[in-house]
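This report concerns only the one structure given below.
Nothing in this text is a laboratory measurement; each read-out follows from the coordinates by a stated rule. Everything quoted here is computed from the prediction, not taken from an experiment. Here the Cβ is made from the backbone with ideal geometry for all residues, glycine too, and neighbour counts use every protein chain on show.
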Amino acid sequence: MIRILTTTVALTAAPFAAFADGHSGDVEVLHWWTSGGEAAALNVLKEDLEGQGIGWTDMPVAGGGGEQAMTVLRARVTAGNAPTAVQALGFDILDWADQGALADLNAVAAEQGWDDVVPEALKAFAKSDGQWVSAPVNVHSTNWVWANTAVLEENGIEIPTTWEEFTAAVETLKAAGITPIAHGGQAWQDATVFDAVAMSTGGPEFYEAAFIDLDPEVLGSDTMREAFDRMAFIRENVDDNFSGRDWNLATAMVINGEAGFQMMGDWAKGEFVNAGLTAGEDFACFRFPGTQDQVTFNADQFMMFDQDGEVSPEQAALAMAILSPEFQSAFNVVKGSAPARTDVSDEAFDACGKKAMADLAAANESGNLFGSMAHGHAAPAAVKNAMFDVITAHFNGEFDSETAVEEMVTAVEIAQ
Ligand code: GAL
């Protein structure tokens, strides 16, 4: 279900008739876009709303991947003080919808024709029981590697296309005294790397069976052990200060030429662009070796919390601003993601952005588009967190690969 993208092109300048008037208030937006690149992208949205006379109350909660933001959100909702709009991912959205907490966006969606242009893979999380409950902003994907072109050239390294080529490149960098892999030791970052490593080790059927179907045999398989062995190789090739480092500081190590590679979702591109670097010239983006045909995606969306029984004019205006084709291009060019509509031209996008859009369409076409485990699009939060615990414990040397596999099976079983 989450693999089908619609290709319908239906671009009309929405009349905004039902929602154009009557908004005078502010929107309070809870999000975790606090890095340089993320803040630059968020500014595109703020300015769009300000242009419509809508004020913006910023509620940033730092912490990549959004775990801390979700904790703050739960506290706010429990206190009866939900923000107007909240950045969210995958299964978390469906969870809030199940609790009846979200405003019905159907009228807005109908007016702007969302059903015709939003990919099915995103609708699977933006709609609950046929009702639109969130506004999709983008499509990110996690199976990317980012590299400093000059560092690669100086060390005679070609873009690796297999795990073996990748390990050889890592050894070359290590011998040259460069940190081979820039990494931040936080559970969600370890898991982001694991998305790509697992896909590369076992292929798409393995990934789907393990992370989406939660098949205990696959979770406990030799292939899973091999994936953990590859994680151990990666652990050996990060610097001594990796623990707790924020993802954007790891990106900065690649930008500064201190490190060769970072495995991270394409929000990392926002950091390169924000630093004034050019895709394909100063930095390279490529799919994690062995996952060239696959895409593990996560889509940021804004849930609108139901505050007085129906969607407010400000919430409607925010949702419509997000889904407008112009905004989708302007925002995603800065953010590093692909648009959440299938009818947006790739013209304004750089080489990595064009590749993101082309890869997404191709992966969807070939049945190789899968929700990211690390970013809440493969399994509900309890299962995701159980996997995080095992992946991180292994990365930090608490478990060997054999134990990690056993723990994975047990942890996932308990979490369900
Ligand atoms: C992801 C989110 C991205 C980016 C990243 C790091 O979960 O989808 O938009 O913000 O976290 O903060």
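Numbers below:
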{"quantity": "Those aspartates and glutamates that a straight Cα-Cα span of less than 16 Å connects to residue 174, excepting residues fewer than 8 apart in one chain", "calculated": "153, 154, 158, 164, 165, 236, 239, 240, 258"}
{"quantity": "Helix-only mean residue ellipticity at 222 nm for the chain, each DSSP H run of n ≥ 4 adding -39500 (n - 2.57), per residue, nearest 500", "calculated": "-14500 deg cm²/dmol"}
{"quantity": "Cα centroid of region 76-111 to Cα centroid of region 363-406, whole Å", "calculated": "26 Å"}
{"quantity": "Folded to 0 to 90 degrees: helix 163-175 orientation relative to the chain principal axis, Cα", "calculated": "70 degrees"}
{"quantity": "Gain in span if fully extended, residue 131 to residue 410, counting 0.36 nm per residue against the direct Cα distance", "calculated": "96.9 nm"}
{"quantity": "Principal-axis tilt of helix 187-207 within the chain, Cα atoms, nearest 10 degrees", "calculated": "80 degrees"}
{"quantity": "Amide H contacts under 5 Å for residue 300, placed H, 5+ residues apart", "calculated": "137, 138, 140"}
{"quantity": "Percentage relative contact order, region 243-352, counting C-alpha pairs under 8 Å, at least six apart", "calculated": "28 percent"}
{"quantity": "For region 323-416, fraction of C-alpha pairs farther apart than 22 Å, in %", "calculated": "50 percent"}
{"quantity": "Selected from 247, 56, 267 as most flexible by GNM, with the chain as the system and alpha-carbon contacts under 10 Å", "calculated": "56"}
{"quantity": "Proximal lysines relative to residue 46, as straight alpha-carbon distance under 16 Å, when same-chain residues fewer than 8 apart are discounted", "calculated": "335"}
{"quantity": "Theoretical gain in end-to-end length, residue 307 to residue 343 [0.36 nm per residue, Cα-Cα removed]", "calculated": "9.7 nm"}
{"quantity": "Highest-MSF residue in the chain out of 340, 79, 150 [GNM, Cα springs under 10 Å]", "calculated": "79"}
{"quantity": "Cα→Cβ-extended label distance, 7 Å offset, between residue 120 and residue 256, nm", "calculated": "4.7 nm"}
{"quantity": "Stretchable slack from residue 205 to residue 232, in nm (0.36 nm times residue separation minus alpha-carbon distance)", "calculated": "7.4 nm"}
{"quantity": "Highest-fluctuation residue, 170, 405, 77 considered, GNM on the chain with Cα pairs under 10 Å", "calculated": "77"}
{"quantity": "Qualifying GluC sites (Glu not before Pro) for region 102-182 [loop in DSSP, other Cβ within 10 Å: at most 13]", "calculated": "158"}
{"quantity": "Table column - 3J(HN,Hα) (Hz), region 258-271, Karplus curve with 6.51, -1.76, 1.60, x for Gly and Pro", "calculated": "6, 9, x, 10, 10, 8, 7, x, 7, 5, 4, 4, x, 6"}
{"quantity": "20 Å reach of a label modelled at residue 168, 7 Å along Cα-to-Cβ, counting backbone N of region 240-283", "calculated": "260-262"}
{"quantity": "Order by protection proxy (mean Cβ within 10 Å, highest first), peptides 222-228, 122-128", "calculated": "122-128, 222-228"}
{"quantity": "Scattering profile of the chain at q = 0.07 Å⁻¹ [log10 I(q)/I(0), Debye over alpha-carbon scatterers]", "calculated": "-0.31"}
{"quantity": "For a label point 7 Å along the Cα-to-beta-carbon line of residue 241, residues of region 177-206 with backbone N under 20 Å", "calculated": "177-187, 189-190"}
{"quantity": "Computed magnitude of the charge dipole of region 237-346 (debye, nearest 20; Cβ of K, R +1, Cβ of D, E -1)", "calculated": "260 debye"}
